[in-house]
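First comes the structure, then the notes that go with it.
The values are calculated or read from the model by the stated rules, or taken from the named source; none is laboratory data. This is a predicted model, so every value here is computed, not measured. When we count neighbours, we look across all protein chains shown, and the Cβ atoms used for this are built from the backbone with ideal geometry, even at glycine. The protein model used for the area step is the full one, side chains on, heavy atoms only, and it has no ligands, DNA or RNA in it. Shrake-Rupley method; radii C 1.70, N 1.55, O 1.52, S 1.80 Å.
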Amino acid sequence: MVAEGTTGTRVVDEVSGWLRVFDDGSVDRTWTGPPEALFLMEPVPAFDTPRDGVTLHDLPGDPSLRLYLPSPPPPEGRREPLPVFLHFQGGGFCISRSSWFMYYQFYARLAASIPAAVVSVELPLAPEHRLPAAIDAGFAALLRLRDLARDPESELLRSVDFSRVFLIGDSSGGNLVHLVGARAWEEEEAFWSPLKVAGGILLQPGFVRSTRSRSELELRSDSVFFTLDMLDKLLALGLPEGATKDHPYTCPMGEAAPPLETVRLPPFLVGVADRDLIRDTNLEYCEAMKKAGKEVAVVISEGVSHSFYLNKFAVDNDPTTAKRTEELIAAINDFVRRH
């Protein structure tokens, strides 16, 4: 990871291990946390020779996309068009890149397991690009997929079923699933045809309130990848200037947000981890959605914490994390097959 922009002379804000903001507005995202975790942030270049069950392709544009395709394809005669996952990465809207190994190792596995095409979006980062910039980019990615569906520009996408697009996001990317899904469903079907947003998958979404929840107060973070300090500071940098965590972008079930009964949304699957600091507000969101009459399935992962499936070291070496990751992929597969 390298510094971005022109380094200023004085640090005005810092998220330990992750980023420093300087007085000239430049941001340094050089990783300064444990060196053994650095491999998770290393970018994975595109490749067209199969490995890990996929090929990986970059689709430059506005926004740029990254396409995972399962490989080799099923035998002739057994091929069904692939559902599509449109992926929004987490990182509190501020720190991560869709090309990082932590995302590659999970979404390559997901693409190969379902099987499905996975399209990751290169999202603009705050504080240089505060919300709604990432929401706008997610919606623009859907428009790019619609254009590809209407006039495919590549052999790569001939095996894709654009009528079964599932938005998927981890952490703050889960917020984007809700927000982009709501914006997409404001339009009539003809606007999107032949593309259809068939569902959304929110994995430990970053839904919070300004007031600490019980889980925030009582649980201890067991990871440098998610702490209360990160939660507070990243959202302060990512939300519009002057906004609190009660903003509809981070609290869609709150008083400041449109009533959920009035928001059109596709069916959702929400993944909740029972050791997650924001477990309780995740569950509050699920209950509010159900009360509003929305179709919401919930999978609770026991004994693991926020975004556990992205930590390749834990997935490979901790039996509980490995089992919960398998269960999560199975739940996603079941949800996709039902929609």
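Before moving on, here are some points about what is shown:
- Neighbours by Cβ (under 8 Å, 6+ apart or cross-chain): first from the stretch 170-198, without any contact (Cβ under 8 Å) to a residue 60 or more places away in the chain; second open to solvent by 70 Å² or more (accessible area, probe 1.4 Å) and not in a helix (DSSP H, G or I): GLU189/LYS196
- Residue check, LEU110 touching a Phe, Trp or Tyr at 6+ places or on another chain (Cβ under 9 Å), surrounded by 19 or more Cβ atoms within 10 Å (Cβ to Cβ), of a type in the set (A, V, I, L, M) and more than 25 Å from THR325 (Cα to Cα): no
- Looking at LEU65, LEU82, LEU59, just one residue is under 30 Å from MET230 (Cβ atoms) and surrounded by 13 or more Cβ atoms within 10 Å (Cβ to Cβ), and that residue is LEU65.
Residue-wise test of (1) among the β-branched types (Val, Ile, Thr); (2) out of contact with any strand residue (DSSP E or B) (no Cβ under 7 Å at 6 or more places or on another chain).
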| site | (1), (2) |
| --- | --- |
| PHE225 | no, yes |
| ASP232 | no, yes |
| GLY238 | no, yes |
| TYR249 | no, yes |
| THR262 | yes, yes |
| ASP274 | no, no |
| THR281 | yes, yes |
| LYS290 | no, no |
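- Of all residues making up the stretch 149-170, the number that are open to solvent by 10 Å² or more (accessible area, probe 1.4 Å) and either within 20 Å of GLY91 (Cα to Cα) or not aromatic (Phe, Trp, Tyr) (or both): 15
- When restricted to residues that are open to solvent by less than 20 Å² (accessible area, probe 1.4 Å) and more than 19 Å from ILE95 (Cα to Cα), the stretch 203-232 contains 3.
- Summed over the stretch 151-177, residues that are in a helix (DSSP H, G or I) and touching a Phe, Trp or Tyr at 6+ places or on another chain (Cβ under 8 Å) total 6.
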